[in-house]
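The values are calculated or read from the model by the stated rules, or taken from the named source; none is laboratory data. Since the model is a prediction, treat every value here as computed from it, not as a measurement. Methodologically, a virtual Cβ is constructed for each residue, glycine included, from the backbone with ideal geometry; neighbour enumeration extends over all protein chains shown.
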């Protein structure tokens, strides 16, 4: 069987993208999805995303981790699928689509995509780390010498430590550059390794740093390994609202899948 696919990346977070509006791709074939994401024997990606039809929204986003399992929201994937929908002519500048965590507004201007994330209602903090859900669950900790950390070792250790091992958690380490800029590195569950960027992770770091008084800014730059993302939000008395994840996207190539 042949299937046309596209490859997109957003600040180095890369995805196999498939137009599945005719519902021909076997989304239950975990082994196939994992194979396609394999960087040595497949296309190679941090995840696979299906663009599907939806009667109430412009389109539906279905996201799979590199291990082949359907997963929670992916922020950079959400930005990339907006660029993909624009490329396919489904949308122009503005859209409302639906993902596993609900509806999302977005807008695109010359491949720069601004994606509205869900409100964040709870941030758990202690002296060592913060926990919050920005569409996916995230662990956030401040670190010095960020580039000296063995992310695969430290990220895996935390991800598989109780109580995080029950459903898994994404692990983010952040280093403060100035009041409105933080460098971050992320270990993603499902990929089971460090990715060059993580949109929900960048969102989590920005909100956690504001929540813990590391910054007073409501618009924060996140320097990922693959580029710079911008997160802005409105802090209210008991939650964070009007949360936007912003950054560049790029179509890398397209081709035919055969299996």
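Looking only at the range 168-182, which residues are in contact (Cβ under 8 Å) with a residue 12 or more places away in the chain, farther than 13 Å from residue 136 by Cβ and in a strand (DSSP E or B)?
Result: 173, 174, 175, 176, 177, 181, 182.
How about the range 77-107: which of its residues are under 14 Å from residue 51 (Cβ atoms), in contact with a helix residue (DSSP H, G or I) (Cβ under 8 Å, 6 or more places away or on another chain) and not in a helix (DSSP H, G or I)?
91, 95, 97, 99, 104, 106
Would you mind stating whether residue 190 is outside the structural domain of residue 7 (by TED's automatic domain parsing) and touching a helix residue (DSSP H, G or I) at 6+ places or on another chain (Cβ under 6 Å)?
Spelling it out, it is not the case that residue 190 is outside the structural domain of residue 7 (by TED's automatic domain parsing) and touching a helix residue (DSSP H, G or I) at 6+ places or on another chain (Cβ under 6 Å).
Do we have residue 46 as modelled with pLDDT of 95 or more and more than 18 Å from the chain's Cα centre (by Cα) here?
Against the criterion (modelled with pLDDT of 95 or more and more than 18 Å from the chain's Cα centre (by Cα)), residue 46 does not qualify.
Picking from 19, 23, 14, which residue would you name as being touching a helix residue (DSSP H, G or I) at 6+ places or on another chain (Cβ under 8 Å) and either over 21 Å from residue 192 (Cβ atoms) or at pLDDT 95 or above (or both)?
Just one listed residue meets the conditions, 19.
In the range 17-27, which residues are surrounded by fewer than 24 Cβ atoms within 10 Å (Cβ to Cβ), touching a residue at least 24 places away in the same chain (Cβ under 8 Å) and closer than 21 Å to residue 69 by Cβ?
Answer for the range 17-27, where residues must be surrounded by fewer than 24 Cβ atoms within 10 Å (Cβ to Cβ), touching a residue at least 24 places away in the same chain (Cβ under 8 Å) and closer than 21 Å to residue 69 by Cβ: 18, 20, 23, 25, 27.
Enumerate the strands (runs of 3 or more DSSP E) found wholly within the range 183-259, keeping only those where 3 or more residues are closer than 30 Å to residue 1 by Cβ and in contact (Cβ under 8 Å) with a residue 60 or more places away in the chain.
In the range 183-259, 250-258 are the strands (runs of 3 or more DSSP E) which contain 3 or more residues that are closer than 30 Å to residue 1 by Cβ and in contact (Cβ under 8 Å) with a residue 60 or more places away in the chain.
Sort out which residues of the range 31-66 are out of contact with any strand residue (DSSP E or B) (no Cβ under 7 Å at 6 or more places or on another chain) and surrounded by 15 or more Cβ atoms within 10 Å (Cβ to Cβ), and write them in order of number.
Scanning the range 31-66 gives 32, 34, 35, 42.
Quickly run through the range 143-181 and pick out the residues that are more than 20 Å from the chain's Cα centre (by Cα) and closer than 27 Å to residue 233 by Cα.
Correct list: 143, 144, 146, 176, 177, 178, 179, 180.
Is it true that some residue in the range 149-167 is buried (at least 17 other Cβ atoms within 10 Å of the Cβ), in contact (Cβ under 8 Å) with a residue 24 or more places away in the chain, on the phi > 0 side of the Ramachandran plot and assigned by TED's automatic domain parsing to the domain that holds residue 214?
no
Just give me the residues in the range 67-76 being crowded, with 21+ Cβ neighbours inside 10 Å and part of a strand (DSSP E or B), in sequence order.
Residues satisfying the conditions do not exist here.
Count, please, the residues in the range 130-148 that happen to be within 28 Å of residue 64 (Cβ to Cβ) and either part of a strand (DSSP E or B) or without any contact (Cβ under 8 Å) to a residue 60 or more places away in the chain (or both).
Adding up the residues that qualify gives 9.
What's the total number of residues in the range 132-148 that are surrounded by 22 or more Cβ atoms within 10 Å (Cβ to Cβ) and in contact with a strand residue (DSSP E or B) (Cβ under 7 Å, 6 or more places away or on another chain)?
6
Counting only residues that are more than 17 Å from residue 227 (Cβ to Cβ), in contact (Cβ under 8 Å) with a residue 40 or more places away in the chain and in a strand (DSSP E or B), how many does the range 109-125 have?
4
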